[in-house]
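Down below is the structure, laid out as structure tokens.
Each value in this text was obtained by applying a stated rule to the coordinates, not by laboratory testing. What you are looking at is a predicted structure, and each value in this text was computed from that prediction instead of being measured. Virtual Cβ from ideal backbone geometry, glycine too; neighbours counted across all protein chains shown.
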Amino acid sequence: MHKKIDKVGFIGLGDQGGPMAEAIGERGFELHVWARRPASLAAVEKVPHQVHESVADLAGSVELLALCLRDDADVRDVLDDQGLLANIAPGTIIVNHGTGDPVEAVRIAAHIAHAGGVYLDAPVSGGSPGARARMLTTFVSGAPDIYEAARAVFETFSDTVKLMGPVGTGQFTKLFNNALTITNMKNVEDVLGLARQVGLDIPALIDVISTSSGGSAALRALGHDISPELAEHLHTLMRKDMHHFADAVRARGGNPEQLLERGISGARGLVEAAQLVAASRDTTESGAR
């Protein structure tokens, strides 16, 4: 049985990670943070926290260290180049909340174990809105006793936390979730493009379908959360995730090619679709004045 966790470190105070760290601090955990850019620390200014000057200094001060980074390469950089693993106490739990390769997750787990730590991959779904609302879904994989020890931390920012199996299965689950989201986004883009061609009121269409049988998380996100500026950032992440998905499926003997093609197309069309929705809302609001 792993001991109760009190001291939690967090690295990756971005649009999603910032609210996650804030939620951890709100619930009474002793929060320790490090950020490459001092401006990122604003994400936790409303909760008690301790800022560390280096990853190495942070690593030795906590019982669980959560990473919410862009990709596996960033995780490796923090673990090795920034000195995290060289400075952890034995038994420290290191959690990867980012989305990556399930095979690499297994390699990372072994690398951390060699340094005396333990690993959970726990990617999250729900984006910045879900993090701010404390309603993320967290797909966890790793040893059951480590999961139980960390679960209270995950529940600070999640409304659903699920242990999916051994290391790597959490990443697999997140990639399948993202494949559905991104291919559904292609459906939304196609339908809204046709709606524009026939002259329908796009905002009204989105609002009414969102609450009917044609509604989806992709439609709601494009209709309300994904601005053209955010789409510029998201479409590159979507392509990354689709390639991770395809690689992971191929490694298990599956054929992802049809879904990969549709997902890449959905990522490619996201910026134009977000611009369409934004322009349609501006037109509707101007007409109502």
task = Report, in whole Å, the centroid distance computed from the Cα atoms of region 214-280 and region 1-69.
result = 30 Å
query = If one takes the longest principal axis of the Cα atoms in the chain, at what angle in degrees, from 0 to 90 and to the nearest 10, does the Cα axis of helix 270-288 lie?
reply = 60 degrees
request  = Mind giving me the nanometre distance, one decimal, between the label points for Gln50 and Asp77, set 7 Å out from Cα along Cα→Cβ?
outcome  = 2.6 nm
query = So what is the calculated 222 nm ellipticity per residue for the chain, using -39500 (n - 2.57) for each DSSP H run with n of 4 or more, over all residues, to the nearest 500 deg cm²/dmol?
reply = -16000 deg cm²/dmol
query = If you put +1 on each Lys and Arg Cβ and -1 on each Asp and Glu Cβ, how big is the dipole of region 103-226 around its Cα centre, in Debye rounded to 20?
reply = 80 debye
remark   = Restricting to lysines and to Cα separations under 19 Å from Lys174, and discarding same-chain partners fewer than 8 apart, the set is Lys162, Lys186, Lys240
query = Quick one: putting +1 on the C-beta of Lys and Arg, -1 on the C-beta of Asp and Glu, what dipole do you get for the chain around its Cα centre, in Debye to the nearest 20?
reply = 400 debye
message = Please report the antiparallel percentage of DSSP beta bridges with both residues in the chain, rounded to the nearest 5.
response = 10 percent
key: Ordering of 167-175, 247-255 by burial proxy (mean other Cβ atoms within 10 Å per residue, highest first)   = 167-175, 247-255
remark   = For 111-119, 153-161, ranked highest to lowest by mean beta-carbon neighbours within 10 Å, the order is 153-161, 111-119
ask   = Top mean-square fluctuation among Pro123, Pro48, Pro38, Gaussian network model of the chain, C-alpha springs under 10 Å?
value = Pro38
inquiry  = With an 8 Å Cα cut-off and a minimum separation of 6 or more residues, compute the relative contact order for the chain in percent.
reply    = 14 percent
note = Checked region 85-143 against the a/c 1.5 cut and the a/b vs b/c comparison, axes a ≥ b ≥ c from its Cα gyration tensor; verdict prolate
query = For helix 102-114, what angle does its Cα long axis make with the longest principal axis of the chain, in degrees from 0 to 90 and rounded to 10?
reply = 20 degrees
task = Name the shape class, rounded, prolate or oblate, that the alpha-carbon gyration tensor gives for region 148-207, where a ≥ b ≥ c are the square roots of its eigenvalues, rounded holds for a/c under 1.5, and otherwise prolate holds if a/b is larger than b/c and oblate otherwise.
result = oblate
inquiry  = For Rg and Dmax of the Cα atoms in Å, one of [x] 18.5, 67; [y] 18.5, 63; [z] 20.1, 65 was computed from the structure I shared and the rest are decoys. Which label?
reply    = [z]
query = With the Cα gyration tensor of region 32-135 giving a ≥ b ≥ c as the square roots of its eigenvalues, does the rule (a/c under 1.5 for rounded; else a/b larger than b/c for prolate; else oblate) give rounded, prolate or oblate?
reply = oblate
remark   = Cβ-Cβ cut-off under 12 Å around His32, Lys and Arg +1, Asp and Glu -1: the net charge is -4
